[in-house]
Every structure is written in structure tokens, then in C-alpha cells.
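Rule-based calculations on the coordinates, nothing more; no lab input. As the structure is a computational prediction, the values presented were derived from the model and not from experiment. Neighbour counts run over all protein chains shown; Cβ positions are idealised from the backbone, glycine included.
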Amino acid sequence: MADERMEQIISKAIQGNELPFNTFLKETFTALLPKLLVLTKSRDEAKEVFIISMQKFWECFVIKQQKLPHNSIGYIYIMCKNAWLLQKREQERIAVLNNEIIHTQVDNQINESPENSAFDREMEAEEHTLKHKALTMALETLSPKCKTIMETDLDPKNQLKSLQEPLGYTNYQALVQAKYNCKKRLVKKVYELLNQLKETTLLNR
Amino acid sequence: MDAEEKDIALINKYLDFQLSEKELVSFEKKLTTDTNFFQKLQTYQQSETIVTQAFENSKHQKRTEQWDKILDSEEKLEKKHIPWRWIGGIAAGFILVLSIWQFNNGQQEPDINTRIADAWNKKIGLSYNIIRGENKDSIRQIIRSAFEKYENGDYQKVITKLKDINQTQEAYEDALLLRGLSLYRTGNTTAALQTLDSLIQHPTGRKSYVAKWYEGLIYLDEGNLKAARQFLEIPSDNNQEIKLK
């Protein structure tokens, strides 16, 4: 894939014309499918992994407008491999978790006690409260601009585009980029607060 | 960058699928040998999920659905694939029949260039000659005057005349259309396509179909059939007209 053609595709996508990108998507999937099938064994799984990777590709090069790699198709293949590994790890984790749940359920049936069930429910509620608290506190730490962007995004009646002029962005793409960066900052803050809150909860037990 | 920040940067790279093959191997090894790092990954993934669920991205979801349909339709096309020798045979037979018909009728069929010329000559969306009775300084008269210059081949004058019309003015889309076409006529294809792209994306959408029509025709002129087919239906039967998709 010539650099110039790829740059044009990304440039058009940034301007809102996604058609050339969709053509590139089809061509790349056709080119990579044999390699992806070696990993996933099924076309549907290969398609899923490919789409997840292309969403990240979109984030990096259309939203964040990072410098394009020398070989976009090769780069996307590596992204797909990353995505497949992450998916595999998640599936294994869920399988282990499901096994644990089944064993716990069997144990509970044998050693049935109302206190165990109540304790489990309490733990779940506590986990839910922690997550909600971490998110609320993290939102408060954002800059006023970021907070406005994230709050507008939550409100279905408001459109993000309406913030472009009031917040002083030269174009809509810059605003989309800012929203992406705010989200990343929010995730990091939630992570820090979750750790702090979990430690505090453990200490208070 | 301290150790914690380095770990978070690495986790971010992993979750953004940006690790190289070598880095992936090293990352997977770290997960199995460093339980603290494994815990960090789990908490970070949890944080991402909390934020993603709270701020569901409908555009992201729509894009996923759209791409899913595109790749599914591509699969259906592949399944309908006819072996090349059949296509060759059918094409040869068709050409033979056509040649006999042409010989018998003594007529030349319109080729693709004729069809493209016919499509341009339709002047779709360019009915500015019907603008009447407006004050000569009104925006609509300016558009009409620009159109007359376009018809006379004074493309540079059209570009100059319309360059100061801004988004807030009525008939901005008409100005964009005439500028785009004039840019193409003066050989500035890239600027022409960019102008027509912005017209396609304009919020009112009033001239978006017309812009797609001309963008398709420009690609056809350039010989880029693939790009043209994004906007136009180009029947293989030379007797059929080119149409907007």
C-alpha cells in the first residue's frame, strides 16, 4: 500500500468521507484472511478480531492522527494478533472464573448456609459501589473543558458538535481528538482511585 | 517516567494492540511471572470497562455494524464468483453478437467515453440560468453570474468570484459546487475533490447527491473506475446510462 494513497484515505476519513477507508477495509481483510484463519480457525472469529483491530487503527490514525506506519497492512496484522491474544486470554480467564463459580455453587449446595449467600451479595454490592465511586470521583478531577465534553457526551439531547465553537476548537476533528484524550485521562484516574479505594476497604475490614 | 507510569504505558500499548511481536512475547511472559503486574492489567481493564460502559460510543457501535455488513457482503460476492473461463467465454460470445449487430445496423455503440461525456452534459444540479429578477449584488445573482462564466469556460474567474462566500451565507453550497467544478477544469483535481468532499459532508446535505455525482464523474475522467464506483452505477451495457448510486 503506497504511503500517499494511505495518507489520502486517512485524510478523507478525517474530513468525514469514510468511503475510501471502507474500500481499504475490504481489501485488507481479503489480504489478511488466510493469515488470520491460522490463528482463529473460523472466518467469523477472524472478522471479529479484524474489526476490533480496525477500530483501534481508526482511533490511532483518524482520531489521534498519529504518523502512519511504513506498511499499514503489516501493522494491522500485528494489531490483529494482539487482539486475538487478548481475546484468548479473556476467554481463558472467563473459563477459569466459570469453573470457580461452578465449584463454589457445588460447595454451597453441600455446605449450604444463608450467611455465605448474603456475604456474596454484600461483596457484589460493595464492588459495584466502589466502581461507581471511583468513576464519580475521577470525573471531578477532570479539567473544566474535559468535564464539559464528557458530560455532554452523556446527555442524549446534546450533540458533541455543539461544543466546538464554545470550547474554541478550530474544527470538529480537534474536538473528537480532545474527547478521546479526556477519556484516556479518565480511565487512568479511575484506575488510580480504584486501587486507593480497594486498599482503604481492605484496611477498614 | 517511574516504574508505575512505565507499567501503565505498557498496559496501554497492549490494550491498544500496539505491541510488536517481540514485545507481545515479553508481555505475556511478564504476566505469568509478575503477579503484581498481572493485577495492574486486570484493574486497568476494569477501569476501561467502567468508562466505556458509562460513555457508550454510538458512533463506534455504528461503525462496527457498518463494517460487519461490508465484510459480510464481500463474503457473499466471493461465494457468487464464477470461474474466469466462463466469464471469458460469455464475454467473447457477447462481443461476437454485438459485432454482428453493429455490422447489420451500421451503427457505432457509445463507448464509455461517450457515456461519460453524456453524463457531464446533463449538467445535473446546475440549473442556475433560471435565476431571475434578483438584485445584482444578491448572493443568488452572484451565483448566476458565476455559472455564466463557468459555461463560457472562464473557470479562474469563477474561482476568484466565489472564494469569499462563507458558510453562513445562503447558497454557500452552490458556490462550493461551482468552485469545485471550476477547480477541476483548471487542472486542480485534488482541490476539486476536496471541495466536493466538503460539500458531501455539509450539514444541510442539500447538494450532497450532486457533489457525489460530480466526484464520481471526475474519478471516471481520471480512469479510476474503482473510486468512481463508490458514487456511481456504471452498467457494463454501453447502452445504459451512468447513474448515481
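A compact table of results
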item: At R0 = 41 Å, FRET efficiency that the Cβ-Cβ distance of A:ASN181 and B:LEU126 yields, to 0.05; result: 0.40
item: Neighbour-count order for A:CYS60, A:CYS80, fewest beta carbons within 10 angstrom listed first; result: A:CYS60, A:CYS80
item: Within region A:164-205: backbone nitrogen closer than 12 Å to the B:GLN61 label point (7 Å, Cα to C-beta); result: none
item: Amide H within-cut-off set for B:LEU232, under 5 Å, with H built and near neighbours excluded; result: B:LYS245
item: Per-pair calculated FRET efficiency, R0 = 51 Å: B:ARG206 and A:LYS198 via Cβ, rounded to 0.05; result: 0.40
item: Residues with amide H under 5 Å from that of B:LYS123, placed H, sequence gap 5 or more; result: none
item: Sorted by Cβ neighbour density within 10 Å, fewest at the top, the residues A:TYR172, B:TYR150, B:TYR14; result: A:TYR172, B:TYR14, B:TYR150
item: Ascending count of other beta-carbon atoms within 10 Å, so fewest first, for A:THR28, B:THR204, A:THR136; result: B:THR204, A:THR136, A:THR28
item: FRET E, pair A:ARG89, B:GLN141, Förster distance 51 Å, beta-carbon r, rounded to 0.05; result: 0.15
